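Notes to accompany the following structure.
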Amino acid sequence: MIVKFYSRANCELCIEGLHTLKIVQEEIPFTIEQHDIEGNDEIHEKYMLMIPVVEKDGKIIQYGQLDYVTLLDALSE
């Protein structure tokens, strides 16, 4: 399973979110595909006020303040 993680450099909330996602990854095997929104105008416009964003199969699982339980439940399905 591939999980997309959208963020940008120097974003404290993104650093915390990635840490939370990696803790979930210890329970459920998946690959984290990181995307810097600054490198793509379309993605930047779409997610600039939402980052960090976690997406699976084209569906947003969670954004902003990420939490372990929500991510674990969504990625366990």
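None of the figures in this text is laboratory data; all of them are computed from the coordinates on show. It should be emphasised that the depicted structure is a prediction, and the values quoted were computed from it without experimental measurement. Cβ sites come from the backbone with ideal geometry, for glycine too, and all protein chains shown count toward neighbours.
With a Förster radius of 35 Å applied to the C-beta separation of V69 and E12, the computed FRET efficiency comes to 0.95. The relative contact order of the chain, computed from alpha carbon pairs under 8 Å that lie at least 6 residues apart in sequence, is 40 percent.
Calculated mean residue ellipticity at 222 nm for the chain: -12500 deg cm²/dmol, from DSSP H runs with n ≥ 4 weighted as -39500 (n - 2.57), summed, divided by the residue count and rounded to 500. Using bins of 10 Å that start at zero, the share of Cα-Cα pairs per bin across region 1-74 amounts to 21, 59, 20, 1, in whole %.
Quick check: the angle from helix 12-27's long axis to the longest principal axis of the chain, C-alpha only, nearest 10 degrees? For helix 12-27, the angle is close to 30 degrees.
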